[in-house]
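The values are calculated or read from the model by the stated rules, or taken from the named source; none is laboratory data. It should be emphasised that the depicted structure is a prediction, and the values quoted were computed from it without experimental measurement. Note that each Cβ is placed from the backbone with ideal geometry, even for glycine, and that neighbours are counted across all protein chains shown. Just so you know, the surface numbers come from the protein's heavy atoms only, side chains and all, with ligands and any DNA or RNA stripped out. Shrake-Rupley method; radii C 1.70, N 1.55, O 1.52, S 1.80 Å.
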Amino acid sequence: EARRLSGPGSWAAGAALTLSYLALIELDSGASAQAERMARGALTLVEENHLASGIPTTNALTALGAALTATTDVHAAVELLSEAVELAPSTAPSYWHAHALIRLAAAFDRLGDTAQADEALSAARADLEALPDAARLSAMREQTEAALKGRHRRDAFLGEPLSEAELRIVRSLASGASLSDVARELYLSQNTVKTHRRSIYRKLGVSSRDELVTRAAELEIAADGDRPRSARPRPRH
């Protein structure tokens, strides 16, 4: 209806905005094909009415880029979202700039470009920290960041599996054993255990014992029946 009732000037801008937001709603509900059609309709309105810049154009590009991120045409999504980032008001922090950056991070993630994804999320965070009432976009940014980290950790593990020796060490460390406990139980030197631990942290994408415990639980590595007796958590005093 917005497309049908649109007229020149500000009416066209409003209709383009409406279609862009509807496209994003369709995308969130899983209807990526419908989202793409609506976003393309918004861009057509923008082009027909010579709205070369501004928020209507930014939102149309963001909506189409987000829709294409869910398809195999991810390179096109990155191009559209990069253009949206450039066109969005950026002389001061803005919701549109932050939104485009978050969607761009998701597209870079689909391409496996972690560095660019992290850079886009950092720029979005800087915008959002300076904006009032940005809770919804902040939540979207945090969800994108969590998905990014979670996928890279899974990919790291699946791409380079743990050896049997590393699995035994993971079980012991995840159960609360100290390095000396692990070394004694597995008849290894502490330096050897430390070397294995560095490899384990790298493969699982973790940087602390707490993260290792969480990751081991996710991967169902540390089963109770597999834990060495001396590696059970010791009571705290």
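The requirement of being open to solvent by less than 60 Å² (accessible area, probe 1.4 Å), touching a residue at least 24 places away in the same chain (Cβ under 8 Å), in a helix (DSSP H, G or I) and in contact with a Leu (Cβ under 9 Å, 6 or more places away or on another chain) is satisfied by ALA67.
Taking ALA23 as the residue in question, decide whether it is surrounded by fewer than 17 Cβ atoms within 10 Å (Cβ to Cβ), of a type in the set (Gly, Ala, Ser) and modelled with pLDDT of 90 or more.
Values: surrounded by fewer than 17 Cβ atoms within 10 Å (Cβ to Cβ): no; of a type in the set (Gly, Ala, Ser): yes; modelled with pLDDT of 90 or more: yes.
Answer is no for this residue.
I'm checking my understanding of the structure. Among residues of segment 92-149 that are polar (S, T, N, Q) and in contact with a Phe, Trp or Tyr (Cβ under 9 Å, 6 or more places away or on another chain), which one is farthest from ALA76 (Cα to Cα)?
Step one: list which residues in segment 92-149 are polar (S, T, N, Q), which gives 94, 114, 116, 122, 138, 143-144.
Restricting the remaining residues to those that are in contact with a Phe, Trp or Tyr (Cβ under 9 Å, 6 or more places away or on another chain) gives 114, 116.
Working: THR114: 18, GLN116: 16 Å.
Among residues in segment 92-149 that are polar (S, T, N, Q) and in contact with a Phe, Trp or Tyr (Cβ under 9 Å, 6 or more places away or on another chain), the one farthest from ALA76 (Cα to Cα) is THR114.
With respect to SER29, is the statement that it is farther than 15 Å from HIS99 by Cα and not hydrophobic (A, V, I, L, M, F, W, C) true? Spelling it out, SER29 is indeed farther than 15 Å from HIS99 by Cα and not hydrophobic (A, V, I, L, M, F, W, C).
Every test in (1) part of a helix (DSSP H, G or I); (2) open to solvent by 50 Å² or more (accessible area, probe 1.4 Å); (3) at pLDDT 85 or above; (4) of a type outside the set (S, T, N, Q) is passed by ALA183 save one, and that test is (2).
Residues considered: ALA31, ALA77, ALA42, ALA35. Of these, the only one that is surrounded by fewer than 18 Cβ atoms within 10 Å (Cβ to Cβ), without any contact (Cβ under 8 Å) to a residue 40 or more places away in the chain and over 19 Å from LEU137 (Cα atoms) is ALA31. What are the pairs with Cβ atoms under 8 angstrom where one residue, in segment 192-207, is at positive phi and the other, located anywhere, is modelled with pLDDT under 85? Sequence gap at least six, or different chains. Listed pairs, sorted by first residue: GLY205/LYS149; GLY205/HIS152; GLY205/ARG153; GLY205/ALA156; GLY205/PHE157; GLY205/ARG215.
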